[in-house]
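Asks: Have a look at the structure that comes next, please.
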Amino acid sequence: MTNSNIILELQNVETYYGKIHALRNISCTVNKGEIVTLLGANGAGKSTTLRTISALNRATAGKITFMGEDITSKQPHEIVNMGLIHVPEGRRIFKGMTIEENLELGSFTLRDDVERKRRMDHVFEIFPVLHERRSRDSAMLSGGEQQMLAMGRAMMTKPELLLLDEPSMGLAPFLVKEIMRIIVRLNKEGVTILLVEQNARVALQLASHGYVLETGKIVIKGDAETLRQDESIVKAYLGE
Amino acid sequence: MSTTDIILQQLANGLIMGSFYAMVALGYTMVYGIIKLLNFAHGDLYMVGGFVGFLILSAISSLLGESWTAIVCSMVLSMLAVGMLGVIIQRVAYRPMLTAPRLSILITALAVSMILSNGVMTITDGEYMAFNTDLGFDGLDFGNVFISYTQLALVISASVLMVILYLFVNKTLYGKAMRAIAIDQDACKLMGINVNKIIALTFFIGSSLAAAAGVMAGVYYGSLHFSMGFVIGLKAFTAAVIGGIGSIPGAMLGGLLLGLLEAFGTQIPFIGSEWKDVFSFGLLILLLILKPTGILGKTEIERM
């Protein structure tokens, strides 16, 4: 693994939620162009890992490097400007605002309206359903459409690396498939993806390698193929 | 006076008071929407705005007299100065409290309110200041109904400011970011929005609207007093609650509605104008019992 290829690296990261020791000694790497997955049960620390990377939570120890730059003590909005976008758990779209407004806010840091329009057209091309409802209140969207909006909003920043937190949560199987198809498409367009999933089988189909978290620690790492075939891992950590 | 005349005259009075209330209520509601703080110092910013406008007007009156040009100049400068004051207050007093329990920041707001009103009291020796203008007493005379040009100009300027605010909040990216922060701060951070900057901007806009209303009140009443922010602060709060606190169109609507209700309330038999305040706060109590979310407000579970 050559160093120049690493886009994101966590070295011995520790995070606390008040007194709760949420992440213990987390180290992992994501290479440019890859899809990497973080797996684990509820409360294992998957979301906290993403929140620590995007600086919504602070690492109390360790180091996070993005594209060669130390981002451990940067502000969330500075990290976004570097091209690292976090699509949080529960979508967190701006309900009460239209789909178009949500997307515009995705490109908040952009000052070029022509480029904004171009990016929005690209998002509408990936998610035609958003185009149809562009001036509707986003609160009216279904769960799957809200997930699409959250991902589309993130795409408005033109990310290098996308952190996706449980994009398939609460969606019907055909929608999960659709979302996964889109993740692959974004990846082919050059976006590196760190995917948090409870639906391990689905995630391991897309990812090149994965990490399994348990009570805030990485307990297993390996390429997707190995993780998929190890029945004991599947049973113990990934559920059915 | 016929009934129609009374209705028309009270309509005019109500609209004037209503636009003051609306402008102060806007700052209340914007700050509440964005950081869930009832900024008790907001009424005092209105008072400070009036005094700053008065100071500037006195300074430039040798050049421009006390004409409309001079008044508009002092209003704009007072808006800028008090807007900055609002930003400084936010930075120094409120921002360190954002992570503390809710009660701490409320008490801080009370303290800021006292500092402002007592500060101005010390400077002015607690005296009334005459806010002299040479706008005259001309106006539109409809027989029994009289509306002065000053009153007309005040309502128009207030409307213009509110239309500008409405366009800013709905059409510009910064305005949209302000609304988005009220919905979900963390999600805003993840969009690359510098939340602290937008909060500061909100304080700037809210405080400068209060200052504009303060200068207008000086022109309208012809005098200023350090305590003038207290009651209007409570009234603006009432207006914001009527409209639905956190909602910008709600504050405009609530302000106008409160102004009109007060004006007409004084016409109810046995309720003279001295009962005006009882009337509006009684209304607030009724509203809090019957529809606590206000006319345009959304249901919210946690309240302070």
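Each reported figure results from applying straightforward, stated rules to the coordinates on display, with no laboratory input. All values derive from a computational prediction rather than experimental measurement. All Cβ positions, glycine included, derive from the backbone under ideal geometry; neighbour counts span all protein chains shown.
Asks: With label points built 7 Å along Cα→Cβ from the Cα atoms of residue A:131 and residue B:144, find their separation and express it in nm.
Replies: It is 6.4 nm.
Asks: Identify all aspartates and glutamates with a Cα-Cα distance to residue B:235 below 12 Å; exclude those on the same chain that are fewer than 8 residues away in sequence.
Replies: Partners within reach: B:262, B:277.
Asks: Treat the count of other C-beta atoms within 10 Å as a stand-in for reagent exposure and order B:3, A:72, A:49, A:157 from fewest to most.
Replies: Working: B:3 8, A:72 18, A:49 28, A:157 22.
Ranking B:3, A:72, A:49, A:157 by Cβ neighbours within 10 Å, fewest first, gives B:3, A:72, A:157, A:49.
Asks: Right, something else. When the dipole is taken about the Cα centre of the protein assembly as shown, and only Lys, Arg (+1) and Asp, Glu (-1) are charged at their Cβ, what size is it in debye, to the nearest 20?
Replies: Working: 44 positive and 45 negative charges, 256 e Å.
For the protein assembly as shown, the charge dipole is close to 1240 debye.
Asks: Ranked by Cβ crowding within 10 angstrom, fewest neighbours first, how are A:17, B:94 ordered?
Replies: Details: A:17 12, B:94 20.
Ordered by Cβ neighbours within 10 Å, fewest first: A:17, B:94.
Asks: What shape does segment B:107-257 take by its C-alpha gyration tensor, where a ≥ b ≥ c are the square roots of the eigenvalues and a/c under 1.5 counts as rounded, a/b above b/c as prolate, and the rest as oblate?
Replies: On the way: a/c = 2.38, a/b = 1.44, b/c = 1.65.
Because a/c hits 1.5 or more and a/b fails to exceed b/c, segment B:107-257 counts as oblate.
Asks: For chain A, with only Lys/Arg (+1) and Asp/Glu (-1) charged at the beta-carbon, what is the dipole magnitude about the Cα centre, in debye rounded to 20?
Replies: Details: 30 positive and 30 negative charges, 60 e Å.
Roughly 280 debye for chain A.
Asks: In debye, nearest 20: dipole of segment B:3-290 around its Cα centre with unit charges on the Cβ of K, R (+) and D, E (-)? Don't skip to the answer; put the middle values down first.
Replies: Values: 11 positive and 13 negative charges, 269 e Å.
Using only the charged Cβ atoms, the result is roughly 1300 debye.
Asks: Antiparallel DSSP bridges in the protein assembly as shown: what percent, to the nearest 5?
Replies: Antiparallel bridges: around 60 percent, rounded to the nearest 5.
Asks: Of A:117/A:177; A:46/A:177; A:63/A:158; A:46/A:217, which sit over 20 Å apart, Cα to Cα?
Replies: Working: A:117/A:177 28 Å; A:46/A:177 22 Å; A:63/A:158 25 Å; A:46/A:217 10 Å.
A:117/A:177; A:46/A:177; A:63/A:158, as the Cα separations exceed 20 Å there.
Asks: Using the Cα gyration tensor of chain A, with a ≥ b ≥ c the square roots of its eigenvalues, what is the shape: rounded (a/c below 1.5), prolate (a/b larger than b/c) or oblate (neither)? Walk me through the intermediate numbers first.
Replies: Values: a/c = 1.69, a/b = 1.34, b/c = 1.26.
Since a/c reaches 1.5 and a/b is larger than b/c, the shape of chain A is classed as prolate.
Asks: Further, regarding this structure: Report the extension gain between residue B:221 and residue B:295 in nm, rounded to one decimal, defined as 0.36 nm multiplied by the number of residues separating them, less their alpha carbon distance. Working shown, then result.
Replies: Working: separation 74, 0.36 × 74 = 26.64 nm, distance 3.04 nm.
Extra length available between residue B:221 and residue B:295 comes to 23.6 nm.
Asks: Applying the Karplus parametrisation 6.51 cos²θ - 1.76 cosθ + 1.60 with θ = phi - 60° to the phi angles of segment B:274-286, what ³J(HN,Hα) value in whole Hz is obtained for each residue in order, glycine and proline being reported as x?
Replies: Running phi through 6.51 cos²θ - 1.76 cosθ + 1.60 with θ = phi - 60° gives 5, 9, 3, 5, 4, 4, 5, 6, x, 4, 4, 4, 4 Hz.
Asks: Additional query: In a shell of Cβ-Cβ distance under 15 Å around residue B:57, excluding residue B:57 itself, what net charge do Lys and Arg (+1) and Asp and Glu (-1) give? Write down the numbers at each step before the final one.
Replies: On the way: positive: none; negative: B:66, B:134.
Net charge around residue B:57: -2.
Asks: Then there's this: For residue B:171, which aspartates and glutamates qualify as cross-link partners when the Cα separation must be under 17 Å and same-chain residues fewer than eight apart are set aside?
Replies: A:100, A:101, A:104, A:112, A:113, A:137
Asks: Moving to a separate point now. Near the amide H of residue A:86, under 5 Å away, which other amide H atoms are found, from residues 5 or more places off or on another chain, if H is placed in the peptide plane?
Replies: For residue A:86, the qualifying residues are A:163.
Asks: Moving to a separate point now. Quick one: which residues, 5+ away or cross-chain, put their amide H under 5 Å from the amide H of residue A:60? H built at 1.01 Å from N.
Replies: The answer is A:14, A:15, A:16.
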